[in-house]
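Trainee: I'd like to ask you about the structure that follows.
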Amino acid sequence: MSKSKAKGTRFEAAVVGYLRGALGEGVERRALCGANDRGDVSGVYAHGQRVVVECKSTRRLELSRYLAEAEAERGNDDALAGCVVWKRPRVTDRETGAMGQQLVLMTLEGFTALVTGQRPEIEEG
């Protein structure tokens with residue numbers, strides 16, 4: 001396993017550990033699914049519907065690419081919303097509360113779905 005892949009795997013495991021502590025034992029790492037990927041973490045729900053969680057442990061934040069990936073995975077999983085958990089540089093797992101300080105990124109549409117429990121059907125204008 002490459003150093004980069006190992007780093008990502010450790011971060012995914014840490015995200016799962018944090019979410020299990022907050023949401024319960026049903027939170028797990030997902031197996032890789034290739035083109036039909038459904039995110040890195042399963043067992044996260046809002047309003048009884050799945051929420052896709054994609055984890056990124058990168059130095060450079062590539063918002064558009066990460067959000068597009070989470071949205072594609074949300075569609076693959078027929079989930080309510082998708083989000084990206086991005087590891088903040090220099091915020092290490094050795095610090096108390098560090099996992100809770102990582103960033104969660106999502107679109108406004110996804111946020112609206114998360115809050116209301118339904119995908120918005122809004123015509124922009």
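Trainee: Can you pull the percent of region 55-96's accessible area that's carbon plus sulfur, 1.4 Å probe, other chains left in place?
Mentor: 45
Trainee: Run lengths n ≥ 4 of DSSP H only: what is the helix-derived mean residue ellipticity at 222 nm for the chain, with -39500 (n - 2.57) per run over all residues, to the nearest 500?
Mentor: -12000 deg cm²/dmol
Trainee: Now, a different point. Among the trypsin sites (Lys or Arg not before Pro) in region 25-75, which ones are in a DSSP loop with at most 10 other Cβ atoms within 10 Å of the Cβ? Mind listing them?
Mentor: In loop regions of region 25-75 (DSSP not H, G, I, E or B), the sparsely surrounded trypsin sites (Lys or Arg not before Pro) are 59, 60.
Trainee: Just how much of residue 62 is accessible, in Å², when a 1.4 Å probe is used and the result is rounded to the nearest 10?
Mentor: 60
Trainee: Apply the Kirkwood formula to the chain: the hydrodynamic radius equals the inverse of the mean of 1/r over all pairs of different alpha-carbon atoms; give it in Å with one decimal.
Mentor: Hydrodynamic radius (Kirkwood, Cα only) of the chain equals 15.0 Å.
Trainee: Please tell me the relative contact order of region 1-72 in percent, rounded to the nearest whole number, where contacts are Cα pairs under 8 Å and at least six residues apart.
Mentor: 25
Trainee: Alpha carbon centre of region 8-30 versus region 98-112: separation in Å?
Mentor: Value for the Cα centre distance between the two parts: 15 Å.
Trainee: With every protein chain left in place, what is the accessible area per residue of the chain in square angstrom, probe 1.4 Å?
Mentor: Per residue, the chain has 64 Å² of solvent-accessible surface.
Trainee: While we're looking at this one, here's another question. Let me spell out the model: positive unit charges on the Cβ of Lys and Arg, negative unit charges on the Cβ of Asp and Glu, origin at the Cα centre of region 7-58. What dipole size does that give, in debye rounded to 20?
Mentor: In total the dipole reaches around 100 debye.
Trainee: Quote the relative contact order of region 27-117 in percent (integer), defining contacts as alpha-carbon pairs under 8 Å separated by 6+ residues.
Mentor: Reported as a whole number, the value is 25 percent.
Trainee: Please report the accessible area of residue 106 (heavy atoms, 1.4 Å probe, ligands and nucleic acids excluded) in Å², nearest 10.
Mentor: 50
The values are calculated or read from the model by the stated rules, or taken from the named source; none is laboratory data. Computed from a predicted structure; not experimentally measured. Heads up, the Cβs are rebuilt from the backbone with ideal geometry, glycines too, and the neighbour counts pull from every protein chain shown. Ligands, DNA and RNA are excluded from the accessible area calculation, which covers all protein heavy atoms including side chains. Shrake-Rupley method; radii C 1.70, N 1.55, O 1.52, S 1.80 Å.
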